[in-house]
Protein chains: 4
Amino acid sequence: MVSICDRVRYVETDMMGVVHHSNYFRWFEMGRVAWLRAAGVELWELMNANIIFPITHVECNYKESALYDDEIEICATMTAFTRAKMDFKYQIVRKKDGAVLAEGESRNVFTDSNGHITRLSGAFYDRINAYYLKEQAEEKH
Amino acid sequence: MVSICDRVRYVETDMMGVVHHSNYFRWFEMGRVAWLRAAGVELWELMNANIIFPITHVECNYKESALYDDEIEICATMTAFTRAKMDFKYQIVRKKDGAVLAEGESRNVFTDSNGHITRLSGAFYDRINAYYLKEQAEEKH
Amino acid sequence: MVSICDRVRYVETDMMGVVHHSNYFRWFEMGRVAWLRAAGVELWELMNANIIFPITHVECNYKESALYDDEIEICATMTAFTRAKMDFKYQIVRKKDGAVLAEGESRNVFTDSNGHITRLSGAFYDRINAYYLKEQAEEKH
Amino acid sequence: MVSICDRVRYVETDMMGVVHHSNYFRWFEMGRVAWLRAAGVELWELMNANIIFPITHVECNYKESALYDDEIEICATMTAFTRAKMDFKYQIVRKKDGAVLAEGESRNVFTDSNGHITRLSGAFYDRINAYYLKEQAEEKH
């Protein structure tokens with residue numbers, strides 16, 4: 001599990017006084033980016049190699065509302081990985097009391113720049129897979 | 001099914017040149033609002049009656065990317081309704097060729113302003129339920 | 001002056017219960033796009049011709065707050081045009097009473113894909129300039 | 001001058017491959033919030049005291065584009081302060097080379113919850129003014 005911390009921005013709130021639900025997917029994305037960075041892969045590298053990784057599925061279950069100025073922890077864990085796709089699960093945790101505000105999932109597939117499904121090439125695959133296996137081994141303990 | 005049309009805004013795109021996936025949930029919301037309006041219920045009325053309707057679940061499956069300036073049709077259909085919750089499903093359709101770009105679902109629950117689950121009161125329930133039953137009857141034909 | 005109408009989205013509100021001020025620049029952009037379309041120029045065409053048009057200045061004066069569900073009219077008028085830049089001014093008008101909610105300005109410059117200032121080429125220049133002159137002539141009446 | 005650091009989010013980019021210009025106003029807001037926090041005033045306190053502080057003017061001059069993943073420093077300095085209004089200026093600095101990407105300004109006024117102009121009360125005024133004077137004294141050195 002890779003986690004990053006952030007603070008709820010004023011602009012992320014809506015007229016109900018809570019964070020608008022669409023923003024959680026932006027936080028999930030930040031968690032996914034942080035996970036890939038921890039694995040040694042920057043989005044820039046993928047894009048420069050003409051590898052596109054569109055989202056094909058996301059979902060989120062909301063338990064409690066994040067509020068303006070809340071400090072949150074965005075936790076990302078890879079749950080499946082092949083040359084064709086990568087799945088993640090996420091938790092958004094309120095730092096002051098550890099409450100899990102939301103949990104979610106995503107799937108990215110790998111395509112070329114024409115949108116055709118492709119298979120992730122050697123170096124990228126190896127780095128991501130190594131980190132995925134390491135994470136899985138750690139979670140078993 | 002209630003549908004509204006819109007045009008993809010430039011700001012909704014990301015550096016991949018397609019609409020960022022988080023924006024679909026904003027379109028779903030516009031569809032949900034339009035459905036409730038068709039049923040005779042404005043969000044303002046609910047809020048003025050201290051009825052809050054937080055999202056507890058959303059998901060989206062992405063099939064093709066919406067692009068800048070695409071004309072889209074946002075289609076919302078209620079799939080379940082009780083005094084405690086309302087579920088919707090959505091389709092985002094590209095107008096020029098009828099392609100379904102994405103499909104999704106959502107659940108709202110009804111709470112009071114303290115966040116406690118409540119049961120939707122008479123007039124609101126009746127209007128929404130009447131439209132829901134009408135919609136279901138039409139879909140069977 | 002070219003105008004388009006829109007309705008304030010729920011997601012555009014913030015916890016003060018009004019539209020967040022950053023959204024007005026998204027509306028200005030929609031107005032600018034509509035103006036250029038009226039002049040016969042689509043952003044796609046410019047991008048396909050490798051003409052980039054970054055914003056170098058924007059500003060907005062806010063008079064009254066737009067609220068959720070308000071129907072608004074986004075009015076865009078070109079105020080200066082050369083081969084190197086285009087300036088616009090904007091008004092956001094609340095439809096139900098004609099109140100001017102905000103007024104703003106923007107400047108775009110034309111660059112090539114390396115970010116170097118360039119000069120707008122023949123056909124694009126001619127179409128935009130023709131519409132600009134037509135608009136100016138009409139405003140004098 | 002109060003500054004905070006952040007990293008450009010993927011969702012903040014647009015199809016030109018750069019940060020959409022409207023996002024800078026969200027960064028300015030984060031800088032303004034950080035400045036007020038440094039002065040000992042949280043937005044929550046103002047809101048709980050029924051003090052509203054709508055934006056009446058913002059502007060931004062863009063020099064270079066922020067890119068995805070850029071580490072940026074958001075710098076906020078108060079430039080004028082009375083019981084009726086507060087003005088700030090901002091710089092967005094790219095951390096890796098110190099380049100100033102954008103500079104801007106804002107004005108907030110103080111109103112009551114009915115939108116009527118009010119005058120900032122004792123404790124809030126004193127804390128903000130003390131920090132403003134301290135900042136001005138430091139800048140003179």
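The values are calculated or read from the model by the stated rules, or taken from the named source; none is laboratory data. Remember, predicted model here, so these are calculated numbers, not experimental data. Neighbour counts are summed over all protein chains in view; Cβ atoms, including those assigned to glycine, are modelled from backbone coordinates with ideal geometry. With ligands, DNA and RNA removed, areas are computed over all heavy atoms of the protein, side chains included. Shrake-Rupley method; radii C 1.70, N 1.55, O 1.52, S 1.80 Å.
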Per residue, how much accessible area does the protein assembly as shown have with a 1.4 Å probe, in Å²? 42 Å²
Local charge sum around A:Phe81 (other residues, Cβ-Cβ under 15 Å, Lys/Arg +1, Asp/Glu -1)? +3
Other chains' Cβ within 10 Å of C:6-12 residues: what's the mean? 6
With +1 on each Lys and Arg Cβ and -1 on each Asp and Glu Cβ, how big is the dipole of segment D:49-96 about its Cα centre, in debye rounded to the nearest 20? 240 debye
Give the C-A buried accessible area in Å², both sides summed, 1.4 Å probe, nearest 100. 900 Å²
How do B:Asp6, A:Asp112 rank by accessible surface area computed with a 1.4 Å probe, from largest to smallest? A:Asp112, B:Asp6
Förster radius 22 Å - calculated FRET efficiency between D:Lys85 and D:Asn50, Cβ distance, rounded to 0.05: 0.80
Which semi-axes, in whole Å and largest first, does the equivalent ellipsoid of chain A have when worked out from the alpha carbon gyration tensor as the square roots of 5 times its eigenvalues? 28, 17, 12
The summed charge of the B:Glu71 Cβ neighbourhood (under 9 Å; Lys/Arg +1, Asp/Glu -1) stands at 0
Karplus (6.51, -1.76, 1.60) ³J(HN,Hα), θ = phi - 60°, over segment A:94-107, in Hz, Gly and Pro reported as x: 7, 5, 5, 9, x, 5, 7, 7, 7, 10, x, 9, 8, 10
B:Asn114 versus D:Lys96, label points 7 Å from Cα toward the beta carbon: distance in nm? 5.3 nm
Shortest first and in nm to one decimal, what separations exist between D:Ser113 and its copies in the other chains, measuring from label points 7 Å along the Cα-to-beta-carbon line? 0.8, 5.5, 5.5
Taking +1 at the Cβ of each Lys and Arg and -1 at the Cβ of each Asp and Glu, which of D:Ser3, D:Ile72, D:Phe110 sits farthest along the dipole of chain D towards its positive end, judged by Cα position relative to the Cα centre? D:Phe110
Tell me, for the rotation carrying B onto A, which chain B residue has the beta-carbon closest to the axis and what that distance is in whole Å. B:Glu59, 2
Rank D:Met86, D:Met15, D:Met78 by mean-square fluctuation in a GNM of chain D with C-alpha springs under 10 angstrom and give only the top-ranked residue. D:Met15
Please report, for C:Glu138, the nm distances (one decimal) from its label point, 7 Å out from Cα along the beta-carbon direction, to the equivalent points in the remaining copies, shortest first. 3.7, 5.3, 6.2
Rounded to the nearest 10 degrees, what's the angle between the helix B:122-140 long axis and the longest principal axis of chain B, both from Cα atoms, 0 to 90? 50 degrees
Let me have the 222 nm mean residue ellipticity of the protein assembly as shown computed from DSSP H runs of 4+ only, each contributing -39500 (n - 2.57), with the sum over all residues rounded to the nearest 500. -9500 deg cm²/dmol
Let me know the shape class of segment D:80-141, please: from the alpha-carbon gyration tensor, a ≥ b ≥ c as square roots of the eigenvalues, rounded when a/c is under 1.5, otherwise prolate if a/b is greater than b/c, or oblate. oblate
Give, as a single signed number, the net charge of other residues whose beta carbon lies under 15 Å from the beta carbon of A:Ile117, with Lys and Arg counted +1 and Asp and Glu -1. +3
For the pair C:Lys140/A:His141, report the inter-label distance in nm, with labels modelled 7 Å from Cα in the Cβ direction. 8.0 nm
Most fluctuating of D:Ile51, D:Ile128, D:Ile117 in the GNM of chain D (C-alpha, under 10 Å) is D:Ile117
How about segment A:60-88: which of its residues lose at least 10 Å² of accessible area in the presence of all protein chains relative to their chain isolated, using a 1.4 Å probe? A:Cys60, A:Asn61, A:Tyr62, A:Leu67, A:Tyr68, A:Asp69
Of the heavy-atom accessible surface of segment B:26-141 (probe 1.4 angstrom), what whole percent is carbon and sulfur? 48 percent
Compute the separation of the alpha-carbon centres of segment B:81-122 and segment D:12-28 and state it in Å as a whole number. 30 Å
Mind checking the mean number of beta-carbon atoms from other chains within 10 Å of the Cβ atoms in C:99-107? 1
What gaps in nm, shortest first, separate C:Asp97 from its twins in the other copies when you place the label 7 Å past Cα toward the beta carbon? 4.1, 4.8, 5.1
Once you sort the root eigenvalues of the Cα gyration tensor of the protein assembly as shown as a ≥ b ≥ c, which label holds: rounded (a/c under 1.5), prolate (a/b larger than b/c) or oblate (the other case)? rounded
For D:Ala38 and A:Ala130, FRET efficiency with R0 = 51 Å and r from the beta-carbon atoms, rounded to 0.05? 0.75
Quick one: putting +1 on the C-beta of Lys and Arg, -1 on the C-beta of Asp and Glu, what dipole do you get for chain D around its Cα centre, in Debye to the nearest 20? 360 debye
Relative to chain D, whose Cα atoms define the longest principal axis, helix D:23-38 and its Cα axis are tilted in degrees, nearest 10, by 40 degrees
